[in-house]
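Data first, discussion second: the structure below is written as structure tokens.
The values are calculated or read from the model by the stated rules, or taken from the named source; none is laboratory data. Note that the structure is a prediction, hence the values are computed from the model and not measured. Don't worry about glycine lacking a Cβ; one is built from the backbone with ideal geometry, like all the others, and counts go over all protein chains shown.
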Amino acid sequence: MAKTPAPSKTSPDSPGILPADIAGADIGGESPQKACPVPSDADLSHSFGEVQAEGGDVHQTAGGEVALLTTSQGIPVADDQNSLKQGARGPSLLEDFHFREKMFHFDHERIPERVVHARGYGAHGFFELTDSLADVTRADVLQRVGEKTPAFVRFSTVAGSKGSPDLARDVRGFAVKLYTQEGNWDIVGNNIPVFFIQDAIKFPDLVHSVKPEPDRDFPQAQSAHDNFWDFISLTPESFHMVMWQMSDRTIPRSLRTMEGFGVHTFRLVDAAGNSTFVKFHWKPKQGLQSVVWNEAVKINGADPDFHRRDLWDAINSGDFPEWELGVQLFDDAFADSFDFDVLDATKLIPEELVPIRIVGRLVLDRVVDNFFAETEQVAFCTQNVPPGIDFSNDPLLQGRNFSYLDTQIKRLGGPNFTHIPINAPKCPMAHFQQDGHMAMRNPKGRVNYEPNSWGPSQGGPREDPVRGFTSFAEAADGPKQRVRSESFADHYSQARQFFVSQAPIEQKHIADALVFELSKVERPDIRSRTVSHLLNIDVTLAATVADGLGLPLPEAAVAARKPIADLPPSDKLSIVKNGPDNLKGRKLGILVTDGADADVFKALLAAVDAEGAVYEVVAPKIGGVTLSDGTTVAAKHKVDGGPSVLFDVVAVVVSAAGAAMLARDAAAKDFVTDAFAHAKYIGIGAEAEPLFTAAGIAETDLDEACLPLGNAGDAAPFLEAAHTLRHWPRELTVDLDAK
Ligand code: HDE
């Protein structure tokens, strides 16, 4: 007879949490004051305490009191390590309700990802009004200066799946939910102020074209393929947005360094029913900043979570990102005299024509407790507007108002998604909607209809014609027809205005991006048709792109409206012209080895601190290094895990032996060649030269953004010089396309 092995058990009490102070080093591998807090035992028992308060029991273990593990029906669990079997080596039993319940719940853990904007990251914060808009709207949230309104924001990419990398070239969603005292107000915007299409009926086609091609299911999170450019080249109205998409706006350095835009024209409505048109803008206090394309491609490999990690770290370290809310207000007279239709979402209103009035600030100061419960389940709907805010007739906005509610019902499983805490209003609410899947908030009493005659105490809520939402009484008349207004017909003038508003390096990036994207398009006729539109935007741009593709210059596309206007440049449309002038919140990567100059290293840390910046240490071993004075420093990254693309500024502080060793290491050489190629400021320690030489950067290549770190006194001036973040002239010397 076979021997029956003794049943084995592992201890349910082993928590799997390492002590917080395992590094044991003198200096941490990253800015110590910025490190994320490690949950203490007290924090953990607090969260278990909440579970316990929901009905759990307590259980004594060697480590103290913890919540008792139960099934979802509350039945105490004795063994969560082994399924129920007929004998230790026998078949599993159907009777094992604990196993079946656990596995069934796991099997149903996923909900459909968003059809667009699937990959996103959210945080909590508040909106504070700094300038009352009581002169133009009755919206409660825009009345009282100094009043704070809770907010939740979700940033996203558009085309990629939930697991796609953060640095795809893509539009970013910038969706804001304000929990006002008169209901939730969702401003579901993007980081680009215009859109690809003018009518919502084209949205499924646009999205199908950019998503992976349906037969092969690739490429993922890329617009660089035939289907996208086929659709675009047949849709001239998209070309203004295409200029933005091909610019560095779609490869932001951080979610914290992007603008947000409501895109459409909305209305503000006062108590007397008067309307003022409005466009919403979010302006980052951190300044605008993007990465370069070659860097984006490498970041996606080195850290696909680059943006979410950045936001998480910044908020947890107390460096709360902040945006100003700006409004462009205008009336019918302006709308009638404007060169373009304010209902056309492929157009913006330059700030020079209608200045932005700053009326508030949005601060993100708290990360989520649970990604799924908050970021994944949050449901934004453009139709969520409180009294005093209203829609315009923009046909894109009108279509969105249908789409968002519809998609939430499918995605979150039924009409009760407003019962989920992240979606529930934080003001009182009362209505007669009832039942449905997962109803959490169920009314008491007999009455579920109105009008009723049960009197004030039992009869339930009643409408209020004064406080309630009333639509702006816009007169509308006309034949029913499927047409595009003639006033939407100019597709190129603002595309050209955007292009001429860019700094020369930004114009080069746009041309490079178009060449890159179109070089992935297999059909030459699609490439050519795209260039035919560029000819209507800027002849030099079109010629540069055609040349980059090795393509004969085609005829210009026939423009629906001529002439194409030569609008004046608008500096606000450039990133480089609106970048930061300091290093606050930026990250220095310091490559060190054993024996590196301790004075220089410590001076760098002090300078980083003075700048309000952060640092991370990159070393040959993750255990860290010993500096020249014997101080040990823990590393945040091993060299091949901490490429320079992860940092805004880099410094190489190594010993002579360290430089000789790194000169033989491919990842270390990449560290410096990439920093150099990406036009970054580089601090070069006294002994570092052999590494640079080995990486192909000769002494004669070094420019004014390659600064010496020979002694401690060099640290502060180095970081001071790096305030502009990039030394753009260098890019022209390292890029073949520019030569
Ligand atoms: Fe969206 N969009 N969209 N969109 N959109 C969605 O709603 C849609 C458009 C935007 O973080 C979906 O919950 C249509 C413009 C953001 O949860 C869906 C049209 C702008 C987010 C949808 C547009 C946006 C979405 C997918 C053309 C900028 C993410 C999942 C008429 C002003 C919100 C979902 C989040 C999400 C429809 C165009 C921004 C399907 C029909 C223009 C930031 O309902």
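For the range 89-126, taking the residues that are under 35 Å from the mean Cα position of the chain (by Cα) and part of a helix (DSSP H, G or I), the one that is surrounded by the most Cβ atoms within 10 Å (Cβ to Cβ) is identified as K102.
Here is a check on your reading of the model: is R172 away from the ligand (no atom under 12 Å from the Cβ) and of a type outside the set (F, W, Y)? Answer is no for this residue.
Set side by side, the residues N452, N442, N401, N423 differ, and just one is polar (S, T, N, Q), in a loop (DSSP other than H, G, I, E, B) and within 30 Å of F196 (Cβ to Cβ), which is N423.
Taken as a whole, the condition of being surrounded by 21 or more Cβ atoms within 10 Å (Cβ to Cβ) and either in the same structural domain as W185 (by TED's automatic domain parsing) or near the ligand (Cβ under 9 Å from one of its atoms) (or both) does not apply to G414. Looking only at the range 53-88, how many residues end up being in contact (Cβ under 8 Å) with a residue 24 or more places away in the chain and not in a strand (DSSP E or B)? So the count comes out to 12. The number of residues in the range 336-373 that are charged (D, E, K, R), part of a loop (DSSP other than H, G, I, E, B) and farther than 18 Å from M258 by Cα comes to 6. So in the range 524-559, with the set limited to residues that are among the acidic types (D, E) and not in a loop (DSSP other than H, G, I, E, B), which one is nearest to W229 (Cα to Cα)? This residue is D525. For the range 66-123, filtered to residues that are β-branched (V, I, T) and within 16 Å of the ligand (Cβ to nearest atom), the residue that is nearest to D305 (Cα to Cα) is V116. Restricting attention to the range 78-88, the residues being over 41 Å from the mean Cα position of the chain (by Cα) and surrounded by 11 or more Cβ atoms within 10 Å (Cβ to Cβ) number 6. Within the range 387-411, the set of residues being within 9 Å of the ligand (Cβ to nearest atom) and small (G, A, S) comprises G399, S403.
When A272 is tested against (1) crowded, with 22+ Cβ neighbours inside 10 Å; (2) without any contact (Cβ under 8 Å) to a residue 24 or more places away in the chain, only condition (1) is not met.
Conditions (1) away from the ligand (no atom under 16 Å from the Cβ); (2) part of a loop (DSSP other than H, G, I, E, B), marked per residue:
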position	(1), (2)
G189	no, no
P193	no, yes
Q198	no, yes
P214	yes, yes
Q222	yes, yes
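When the range 292-318 is filtered for residues that are among the basic types (K, R) and either under 16 Å from G122 (Cα atoms) or buried (at least 21 other Cβ atoms within 10 Å of the Cβ) (or both), the ones remaining, listed by number, are R308, R309. Across the range 142-163, the qualifying residues are those that are surrounded by 18 or more Cβ atoms within 10 Å (Cβ to Cβ) and part of a loop (DSSP other than H, G, I, E, B), and the one among them that is nearest to the ligand (Cβ to nearest atom) is V158.
Apart from one condition, V378 fits all of (1) more than 18 Å from F261 (Cα to Cα); (2) away from the ligand (no atom under 12 Å from the Cβ); (3) not acidic (D, E); the exception is (2). In this structure, does E687 turn out to be of a type in the set (D, E, K, R) and part of a helix (DSSP H, G or I)? Against the criterion (of a type in the set (D, E, K, R) and part of a helix (DSSP H, G or I)), E687 does not qualify.
Check the range 619-642 and report whether any residue there is part of a helix (DSSP H, G or I) and farther than 17 Å from G29 by Cα.
No, every residue in the range 619-642 fails to be part of a helix (DSSP H, G or I) and farther than 17 Å from G29 by Cα.
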